Structure formats: structure tokens, C-alpha cells
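Here the structure comes first, spelled out in C-alpha cells, and everything after it is commentary.
Values in this text are rule-based calculations from the coordinates and carry no lab data. Just so it is clear, the structure is predicted and the values come from calculations on it, not from any experiment. Quick reminder, even Gly has a Cβ in these numbers, built from the backbone with ideal geometry, and neighbours come from all protein chains shown.
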Amino acid sequence: MMFSLAFVPLIFSLPSMAQEQGIVRPTLLLQEIVQGMPQGERQEVRVLTATLKPGDKTVFHTHRFPVIIYVLEDAFTLEMEGREPITVKAGEAMGEPPNVKMTGYNRSSTDPLRGLMVYVSDPDTPFFDPVR
């Protein structure tokens with residue numbers, strides 16, 4: 001029992017120790033339950049960047065697997081078929097579902113949009129499929 005009581009101060013001091021200067025803790029930007037992830041024995045992970053000039057938009061497209069978007073600069077507006085448009089600002093992240101028709105915009109008339117995308121797929125799967 002004495003042995004157990006000796007650890008009580010240590011247990012209560014752990015949260016404060018984690019806040020010490022020099023200890024880095026990640027910030028959660030997005031936590032989302034997704035469907036449609038690849039199920040094979042191997043997956044390909046891609047991290048991509050894109051810059052959209054003022055007024056630019058993506059082609060109308062779908063993704064075969066979910067895509068995570070993190071906006072580095074400005075704001076990204078995503079229009080998905082059958083849903084309200086979503087705007088994600090710098091420092092925010094969002095998930096794009098698979099097999100949904102969509103297009104993205106830089107609605108700014110002055111500032112470029114920069115974003116980072118993470119895509120996990122079956123090997124050699126195209127990043128997107130254009131919709132005609």
C-alpha cells in the first residue's frame with residue numbers, strides 16, 4: 001500500500017509535466033469517421049499541394065477514396081453535388097468523401113489559395129476522375 005501511495009503525487013503531476021516548455025503536443029485539426037478507405041493489403045499514401053490563383057476552380061470531379069484537405073493560405077470553397085457549399089479557411093481541415101461529384105473554388109479576387117491534400121488509395125489509383 002505504501003508503494004501505491006508513493007505514486008499518487010507522480011500521477012497527479014503528469015498533466016502539468018506535459019505542459020512544460022519544450023514539450024510539443026499536436027493540435028487536432030480534424031477527426032472524422034470516413035467510409036470507402038482502401039481495403040487491400042497495400043495502400044499508396046500521397047501528400048499533394050495545390051495553388052489556385054484568384055478566381056480559379058478545379059474541374060468537376062470525383063475521388064475514389066476520401067481526401068483530406070488542409071488550407072495553408074486564404075480560403076477554399078467546395079461545392080458537392082446535393083450539398084450546401086463548404087468554405088474552409090487557412091489553418092482548417094476537411095474531408096472530401098469518395099464518389100461524390102464536386103468542384104472547388106478560390107473565391108478571392110486578390111489572393112492565391114494554397115492547400116495540402118492527403119490521399120490514401122489502392123496503388124496506382126488516379127487522384128481524381130473528371131466528370132463530364
- Query: Taking amide hydrogens as modeled 1.01 Å from N in the peptide plane, which residues meet the under 5 Å criterion relative to GLU96, leaving out close sequence neighbours?
  - Reply: VAL67, ILE68, ILE69
- Using only Cα atoms, find the angle between the long axis of helix 8-18 and the longest principal axis of the chain, and express it within 0 to 90 degrees, rounded to the nearest 10. 30 degrees
- Task: Among the GluC sites (Glu not before Pro) in the range 32-132, which ones are in a DSSP loop with at most 15 other Cβ atoms within 10 Å of the Cβ? Mind listing them?
- Result: GLU32, GLU41, GLU81, GLU92
- If you take the Cα atoms of the chain, find Rg, then find the Kirkwood Rh from the mean of 1/r over all pairs, what is Rg/Rh? 1.18
- Note on the structure: Expressed as a whole-number percentage, the relative contact order of the chain with C-alpha contacts under 8 angstrom and at least six residues apart is 34 percent
- Note on the structure: The ³J(HN,Hα) series, computed from each phi in the range 55-69 with the Karplus coefficients 6.51, -1.76 and 1.60 at θ = phi - 60°, rounded to the nearest Hz and given as x for glycine or proline, is x, 5, 9, 7, 5, 5, 7, 10, 10, 7, 9, x, 10, 9, 10
- Item | Contour excess over end-to-end distance, with Cα ends at LEU30 and ASP124 and 0.36 nm allotted per residue | 31.2 nm
- Task: Rank VAL100, THR27, THR125 by how far each Cα sits towards the positive end of the charge dipole of the chain (+1 on Lys, Arg Cβ; -1 on Asp, Glu Cβ) and give me just the farthest.
- Result: VAL100
- Task: Decide, for the range 60-132, between rounded, prolate and oblate: order the square roots of the alpha carbon gyration tensor eigenvalues as a ≥ b ≥ c, take rounded if a/c falls under 1.5, and otherwise choose prolate if a/b is larger than b/c, else oblate.
- Result: prolate
